[in-house]
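A short worksheet on the structure shown next.
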Amino acid sequence: MVAEKETLSLSKCPDKMPQRRTKLLEQQPLPVHQPRSRLSEGFTVKAMMKNSVVRGPPAAGAFKERPTKPTAFRKFYERGDFPIALEHDSKGNKIAWKVEIEKLDYHHYLPLFFDGLSEMVFPYNFFARQGIHDMLEHGGSKILPVIPQLILPIKSALNLRNRQVICVTLKVIQHLVVSADMVGEALVPYYRQILPILNIFKNMNVNSGDGIDYSQQKRENVGDLIQETLGVLERYGGEDAFINIKYMVPTYESCLLN
């Protein structure tokens, strides 16, 4: 009877009835403020601060091409100081010399033509390269006294780090070495100016797998052309050539001793 009275009294007073428990929603965690990471240069005060990310060193750019500068060859050509003209032939273009090549002043003209090795625009590049080969073929004993004046243009052309210019310059160096007697030995003291760029590009070969690399046939593969040029320099440079090449290009192996 007592239990029935309690149930009746609770039914009459709904406020006193036990309320059902509601399921509490899971509270989402408050967003945590994450500090931004700051980019900073190495070896600075900011690099020691909290949340700082040190920026890595930039690329050295050893293989990056350098911008070309206006050459003296272009200036003299536009002014009409060279005794040359363009002759169209069935085999292609060639230089028509207005005077005999043997009578040219090699101390004046040959360094100017070598300065044109840095040119990459027609007709300047064609006249400079073809003019050099023509003068080297007919120069003879006039070439050897001019060697010191040719080092700076050769170095400037190689320092452009342009693949096409490097290939052309290497072919010119090979022709220069065999053009006259004692020229190869006269170049040995200047290896420190010429060979550093060759040391950088010596291993630049095209990995074509089982394909065919036609640049080898056209002699436009930089790595093979450098190896060939170093061999020519050693062969015609005398007894001191190899040790001087080895000093500047440590990975070079002699083509005469082996």
task = Please give the length that would be gained between LYS69 and LYS98 if that part of the chain were fully extended, namely 0.36 nm times their separation in residues minus their C-alpha to C-alpha distance (nm, one decimal).
result = 7.6 nm
Rh by Kirkwood over Cα pairs, then Stokes-Einstein D for the range 95-136 at 0.890 mPa s and 25 °C, µm²/s = 234
message = Run the simple label-point estimate for HIS175 and GLU228 please: 7 Å along Cα→C-beta, distance reported in nm.
response = 1.4
key: Probe 1.4 Å, all protein chains present, accessible-area order of VAL54, VAL222, largest first   = VAL54, VAL222
query = How much accessible area per residue does the range 54-178 have, in Å², with a 1.4 Å probe?
reply = 52
Net charge of neighbours whose Cβ lies under 15 Å from the Cβ of ARG38, counting Lys and Arg as +1 and Asp and Glu as -1 = +3
key: Amide proton proximity set for SER52, modelled H, under 5 Å, gap of 5+   = ARG38
remark   = So for R0 = 22 Å, FRET eff. of ARG55-ARG161 from the Cβ-Cβ r, to 0.05, ends up at 0.30
ask   = Amide H neighbours of ILE84 under 5 Å, counting only residues 5+ apart in sequence or on other chains, H built in-plane at 1.01 Å?
value = LYS98
ask   = How big is the range 67-218 on each of its three principal axes, counting only the C-alpha atoms and giving the largest first in Å?
value = 50, 40, 29
query = GluC sites (Glu not before Pro), restricted to the range 71-167: which are DSSP loop and have at most 11 other Cβ atoms within 10 Å?
reply = GLU100
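The values are calculated or read from the model by the stated rules, or taken from the named source; none is laboratory data. Quick caveat, the model's predicted, so the values are computed rather than measured. Because the Cβ atoms are built from the backbone with ideal geometry, glycine has one as well, and the counts that use them run over all protein chains shown. Areas reflect the complete protein model, heavy atoms only, side chains present, ligands, DNA and RNA absent. Shrake-Rupley method; radii C 1.70, N 1.55, O 1.52, S 1.80 Å.
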